[in-house]
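Asker: One structure, as structure tokens, below. Some questions next.
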Amino acid sequence: MVSWMRGRVKRFVAWLLLLTSLGGCSAPEVVVTVANETVYEQQAMLYLALTLQAYEEQAGKEIWNMRIGGMDAFDAACEAALESMIRNKTVLSRRHSTQTTLISNQEEIEQAASNLRDRIGAETLDEWGITQEQVIACIEEDYRVYQALQQISYLPDTDEIEERVDEYFVWYDHVDVDEYMERIWLDAIIVYTGQFMDGEWIQATGNGAYEKAEEAMAALEAGASFDEVKQQYNEEENLATAPCFTAGVVQSQSGNIFYKGQLERDLWEELFRIPVGQTSDVLTTEYGYLIVRVIGFPGAEENDRVLYQRKLEEVREEYRQQISQEMIQEGLESTIDQWRQELSVTVHMEKWQQIMEIMQHWIGVE
């Protein structure tokens with residue numbers, strides 16, 4: 001009952017803030033203008049609400065205790081939403097100037113609008129004064145932007161792609177293969193100090209990770225079994241995907257048996273010095289804290305060198321495709337930035353700040 005009441009109070013506060021900011025039933029106000037394109041407050045609220053939800057989907061409510069790009073996660077999300085609005089309006093303004101005709105798929109748009117309404121909540125949208133027609137209009141605009149971007153062709157420089165690939169793999173091309181392919185069979189307790197978000201590791205602040213790792217170590221020293229402590233303290237369901245064990249590009253496919261070279265570099269010698277059956281102290285990694293129990297050191301196999309070269313070529317090709325796509329995206333964004341420099345952009349900061357305050361209450365960030 002208490003949590004339900006808190007939810008009702010939070011929504012009521014947001015509703016009061018909205019009425020205050022909108023001035024009752026006055027006409028919607030402009031938040032952003034890009035040339036002849038305008039973002040009104042309802043669309044800005046949708047942009048920001050969806051961005052905030054996307055952040056929470058990456059790391060849960062804990063995201064709001066993290067810092068991203070040197071700023072609080074909430075401020076980073078607001079900046080990302082604002083940049084997205086400006087970007088989309090820039091694309092649409094350019095589309096209008098080139099008189100490009102785009103065709104909309106109404107069925108897809110209506111389904112997407114329905115999904116958006118379910119995602120944010122029909123009751124919340126009603127309290128914010130956002131109609132179904134406004135939701136559909138927002139989806140239609142995103143659809144037009146997507147279509148416009150599909151019409152932009154950009155071919156990356158193949159020489160630059162190969163330069164980036166060669167630079168990335170130079171260490172692997174000259175590594176001691178026999179050392180890289182040494183194996184360790186282990187079990188581990190991992191306590192993370194942050195989370196990945198869009199491929200970037202974001203450190204949390206004040207999450208008690210070190211204290212948790214120390215508690216786990218104390219339990220082991222008090223006589224608890226490794227399995228018991230792991231069940232209580234471990235934060236990684238699948239060790240084979242733990243970032244501290246997947247640093248090297250050539251990786252073992254044998255469960256908890258890892259190549260020496262795929263371990264985070266600072267763990268290489270540390271783990272291989274632990275006797276079979278023994279447990280490490282609390283180890284510090286780039287991603288958090290680690291307690292390892294060594295089960296064994298499987299011997300080398302005859303085809304290790306062949307396997308290394310084959311896997312290296314596979315990963316190299318995957319990386320080549322990834323770099324190609326990234327360069328295409330970079331070229332696209334560079335084109336949009338150039339368009340933006342040619343247009344007048346105005347952000348009505350007072351209105352945007354009001355919307356940010358509404359959303360702060362909505363997600364419970366004070």
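Asker: Can you say whether Ala204 is among the small types (Gly, Ala, Ser), surrounded by 13 or more Cβ atoms within 10 Å (Cβ to Cβ), touching a helix residue (DSSP H, G or I) at 6+ places or on another chain (Cβ under 9 Å) and not assigned by TED's automatic domain parsing to the domain that holds Ala77, as far as the supplied structure shows?
Answerer: Values: among the small types (Gly, Ala, Ser): yes; surrounded by 13 or more Cβ atoms within 10 Å (Cβ to Cβ): yes; touching a helix residue (DSSP H, G or I) at 6+ places or on another chain (Cβ under 9 Å): yes; not assigned by TED's automatic domain parsing to the domain that holds Ala77: yes.
Yes, satisfied.
Asker: Specify which of the listed residues (Val249, Val315, Val306) is among the aliphatic types (A, V, I, L, M), closer than 25 Å to Tyr168 by Cα and surrounded by fewer than 12 Cβ atoms within 10 Å (Cβ to Cβ). So that I can check it myself, show each step before the final result.
Answerer: Details: Val249 fails: surrounded by fewer than 12 Cβ atoms within 10 Å (Cβ to Cβ); Val315 fails: surrounded by fewer than 12 Cβ atoms within 10 Å (Cβ to Cβ).
Sole residue among the options that is among the aliphatic types (A, V, I, L, M), closer than 25 Å to Tyr168 by Cα and surrounded by fewer than 12 Cβ atoms within 10 Å (Cβ to Cβ): Val306.
Asker: When you go through (1) in contact (Cβ under 8 Å) with a residue 40 or more places away in the chain; (2) touching a Leu at 6+ places or on another chain (Cβ under 8 Å) one by one for Glu286, which number turns out not to apply?
Answerer: Unmet condition: (2).
Asker: Looking at this structure, is Trp352 closer than 30 Å to Arg94 by Cα and either exposed (fewer than 12 other Cβ atoms within 10 Å of the Cβ) or among the aromatic types (Phe, Trp, Tyr) (or both)?
Answerer: Details: closer than 30 Å to Arg94 by Cα: yes; either exposed (fewer than 12 other Cβ atoms within 10 Å of the Cβ) or among the aromatic types (Phe, Trp, Tyr) (or both): yes.
When the stated conditions are applied, Trp352 passes them.
Asker: In addition: Being closer than 30 Å to Gln309 by Cα, part of a helix (DSSP H, G or I) and aliphatic (A, V, I, L, M) is the requirement here; does Val170 meet it?
Answerer: Values: closer than 30 Å to Gln309 by Cα: yes; part of a helix (DSSP H, G or I): yes; aliphatic (A, V, I, L, M): yes.
Considered against the rule, which asks whether it is closer than 30 Å to Gln309 by Cα, part of a helix (DSSP H, G or I) and aliphatic (A, V, I, L, M), Val170 comes out as yes.
Asker: Continuing with this model, one more query. Under the condition of being touching a residue at least 24 places away in the same chain (Cβ under 8 Å) and under 22 Å from Tyr146 (Cβ atoms), which residue from the stretch 331-366 is farthest from the chain's Cα centre (by Cα)?
Answerer: Start the filter on the stretch 331-366 by keeping residues that are touching a residue at least 24 places away in the same chain (Cβ under 8 Å), which leaves 331-332, 335-336, 339-340, 343-348, 351-352, 354-365.
Among the residues that remain, those that are also under 22 Å from Tyr146 (Cβ atoms) are: 331-332, 335-336, 339-340, 343, 345.
Values: Gly331: 22, Leu332: 21, Thr335: 24, Ile336: 23, Trp339: 27, Arg340: 26, Leu343: 30, Val345: 28 Å.
If we take residues in the stretch 331-366 being touching a residue at least 24 places away in the same chain (Cβ under 8 Å) and under 22 Å from Tyr146 (Cβ atoms), then Leu343 is farthest from the chain's Cα centre (by Cα).
Asker: Sticking with this structure for a sec: For the stretch 238-256, name all the residues that are in contact (Cβ under 8 Å) with a residue 12 or more places away in the chain, more than 21 Å from Arg310 (Cβ to Cβ) and part of a loop (DSSP other than H, G, I, E, B).
Answerer: Answer for the stretch 238-256, where residues must be in contact (Cβ under 8 Å) with a residue 12 or more places away in the chain, more than 21 Å from Arg310 (Cβ to Cβ) and part of a loop (DSSP other than H, G, I, E, B): Ala242, Asn256.
Asker: Are any of the residues in the stretch 140-149 under 30 Å from Ser84 (Cβ atoms), modelled with pLDDT under 95 and not in a helix (DSSP H, G or I)? First the steps, then the outcome.
Answerer: Step one: filter the stretch 140-149 for residues under 30 Å from Ser84 (Cβ atoms), giving 140-149.
Next, from what is left, pick out any that are modelled with pLDDT under 95: 140-149.
Retained after the next criterion (residues that are not in a helix (DSSP H, G or I)): none.
No, there is no match, as no residue in the stretch 140-149 is under 30 Å from Ser84 (Cβ atoms), modelled with pLDDT under 95 and not in a helix (DSSP H, G or I).
Asker: Also, I was wondering about something else. Scanning for something in contact (Cβ under 8 Å) with a residue 40 or more places away in the chain and within 30 Å of Arg305 (Cα to Cα), does the stretch 188-207 turn up at least one residue?
Answerer: Yes.
The values are calculated or read from the model by the stated rules, or taken from the named source; none is laboratory data. Computed from a prediction, not measured in an experiment: that's the story for all the values here. FYI the Cβ positions are ideal-geometry reconstructions off the backbone, even for glycines, and counts take in every protein chain you see.
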